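Q: Could you have a look at this structure, given as structure tokens, before my questions?
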Amino acid sequence: MQDNVVIFDTTLRDGEQSPGATMNIKEKVEVALQLARLGVDVIEAGFPISSQGDFEAVQAIAREVEGPTICGLARANKPDVARAGEAIAPARRRRVHTFIATSDIHIEKKLRMTRATVREAAIEAVRLARTFTEDVEFSCEDASRSDWDYLVQVYQAAIEAGATTINVPDTVGYAVPEQYGALIRYLRENIRGVERAVVSVHCHNDLGMAVANSLAGVMQGARQIECTINGIGERAGNTSLEEVVMALRTRKDYYGLRTGIRTREIYRTSRLVSRITGIRVQPNKAIVGANAFAHEAGIHQDGVIKERRTYEIMKPEDVGWTGESMVMGKHSGSNAFGQRLFAMGFTHLNPEEIHRAFRRFKDLCDVKKDIYDEDIYAIVEDELAQGTPTYQLDALTVTTSTKGAPRAELTVGKGEETFGVVVEEGDGPIDALFKGLERLIDLNIRLLEYSLEAVTAGKDAQGRVNVRLEIQGREVRGQGVHTDITVASVNAYLNAVNRYLITKDAPIFSGAVTTP
């Protein structure tokens with residue numbers, strides 16, 4: 001059996017189903033280009049029939065991204081498969097991924113079909129997909145709760161119809177490693193002709209076992225892992241790409257397997273996805289969290305100083321952590337700044353983006369004594385996140401007192417026009433500012449989530465604010481970075497509003513869509 005594991009990244013499809021993580025076409029292409037640099041084998045670029053915007057995004061990725069196979073998702077019906085086939089057509093390497101549910105609860109309660117008609121739908125979908133590409137993947141949605149013998153029948157029929165990959169989704173995160181591994185082994189032992197297809201695993205993290213289940217499947221012969229950057233995805237998320245890849249790499253002595261991932265691109269990719277989706281990475285997240293290579297306990301610090309391997313099973317630089325301070329200050333020039341950005345991995349910035357980031361850097365030098373790489377990351381990512389603003393902050397004044405309600409005076413511009421000053425009271429300065437913004441912007445906006453974190457240590461640290469808003473019934477995320485948290489908060493709010501305005505006209509598929 002081959003020792004290479006195919007890495008199938010579904011950040012742009014399953015990962016985008018995280019609440020508020022919707023990306024526009026430009027952002028999807030940017031992520032896809034970075035995934036290609038990371039070295040993933042397959043990019044599931046989207047669900048083309050779900051909206052015109054998703055179709056155009058998949059088509060743009062198929063046209064612009066070289067290297068990985070570009071995949072489009074489709075339910076097992078003619079319109080879905082045809083739309084996916086059309087979207088991926090420009091790609092040199094392309095795949096249609098079609099699926100249908102096979103658990104009895106889904107067949108009876110959701111699909112209102114029979115086992116026989118589900119099997120026939122699977123066969124027809126695979127055959128149609130083969131007219132668009134020879135690379136066809138088929139999934140039994142909710143496989144982990146399906147009857148094993150029925151799965152054998154459906155997968156066998158799919159392979160006979162032309163499927164080259166069969167995927168076994170733990171759609172609701174119900175499986176445990178021993179059971180899921182046993183299921184993969186059972187399918188490989190009982191499906192006639194299984195050697196003609198790659199067996200794939202797709203696990204969700206509802207019980208916190210997505211990575212463990214995926215690795216259990218690989219140990220039983222699966223050779224494709226479906227995963228997302230930072231483990232994002234609907235509900236509790238998906239298998240984390242960085243975790244399974246580094247598990248296979250770090251414990252090659254145990255697994256004896258390899259991937260084609262360029263691991264030094266992991267941290268950069270994680271930061272990009274976090275910045276674009278607005279979903280922050282928790283500090284204790286394995287591999288890419290801020291504390292992943294931090295050592296607080298004295299005994300650990302002593303051991304690492306003497307020999308890194310005492311408490312580090314991976315080198316930080318192996319996943320792209322630079323670990324370097326920014327040895328620059330207010331007298332540093334733009335050329336040196338640009339070279340530092342390039343060394344940090346920002347290799348595709350245009351001159352205007354570098355200029356804006358340099359201007360922010362110089363402003364930061366006036367208020368912050370020590371500048372670290374994390375500060376530079378934050379500045380550049382915030383500039384890229386803001387893009388071309390529709391709404392922008394012109395001025396604000398906040399007053400707060402223990403003897404009265406906080407007040408905020410807020411001036412917001414739209415293009416060249418400054419169109420409003422609002423004075424508002426609230427339970428706190430941020431509440432006052434947000435109430436002012438709600439009054440100023442003619443949209444139905446509700447704050448769902450607010451978080452604040454320091455970019456680095458120290459009292460002069462920049463604050464990074466992430467917000468999740470519901471705007472006209474659609475969830476959108478935004479972020480802002482500044483040494484003044486009130487400014488960062490307003491910028492995060494306006495960033496979310498601007499992102500909504502960019503994507504608001506993209507049609508949303510209104511049918512009952514479920515996915516593996």
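Q: Calculate the FRET efficiency for residue 148 and residue 78 from the Cβ-Cβ distance with a Förster distance of 30 Å, rounded to the nearest 0.05.
A: After rounding, the FRET efficiency stands at 0.55.
Q: Now, a different point. Can you tell me what share of the DSSP beta bridges in the chain is antiparallel? A percent to the nearest 5 is fine.
A: Antiparallel bridges make up about 50 percent of those DSSP assigns within the chain.
Q: For the chain, find the longest principal axis of its Cα atoms and tell me its angle to the long axis of helix 351-367, 0 to 90°, nearest 10.
A: Once rounded, the angle reads 50 degrees.
Q: Within a 10 angstrom radius of the beta carbon, how do 369, 28, 362 rank from fewest other beta carbons to most?
A: Ordered from fewest to most neighbouring Cβ atoms within 10 Å, 369, 28, 362 come out as 369, 362, 28.
Q: Moving to a separate point now. Relative to the longest principal axis of the C-alpha atoms of the chain, give the angle of the C-alpha long axis of helix 115-129, reported between 0 and 90° and rounded to the nearest 10°.
A: Around 70 degrees separate the two axes.
Q: I'd like the orientation of helix 148-161 relative to the chain: the angle between its Cα long axis and the longest Cα principal axis, in ° from 0 to 90, rounded to 10.
A: Roughly 90 degrees, rounded to the nearest 10.
Q: When only DSSP loop residues count, what trypsin sites (Lys or Arg not before Pro) in the range 203-274 have their Cβ near at most 15 other Cβ atoms within 10 Å?
A: Answer by residue number: 235, 251, 262.
Q: Using the count of nearby Cβ atoms within 10 Å as a rough guide to exposure, how do 494, 384 rank from fewest to most?
A: 384, 494
Q: Given the pairs 109/285; 110/252; 252/369; 110/285; 285/459, which are separated by over 32 angstrom at their Cα positions?
A: Too far apart for the 32 Å limit: 109/285; 110/252; 252/369; 110/285.
Q: Tell me, 61, 441, 276 in order of fewest to most beta-carbon neighbours within 10 Å?
A: Exposure proxy ranking, most exposed first: 441, 276, 61.
Q: With just the Cα atoms defining each centre, how far is the range 332-404 from the range 110-130? Give it in Å.
A: Result: 52 Å between the Cα centres.
Read the figures in this text as sums done on the coordinates, not as results from a lab. Keep in mind it's a predicted model, so treat the numbers as computed, not measured. We place every Cβ from the backbone using ideal geometry, glycine too, and count neighbours over all the protein chains shown.
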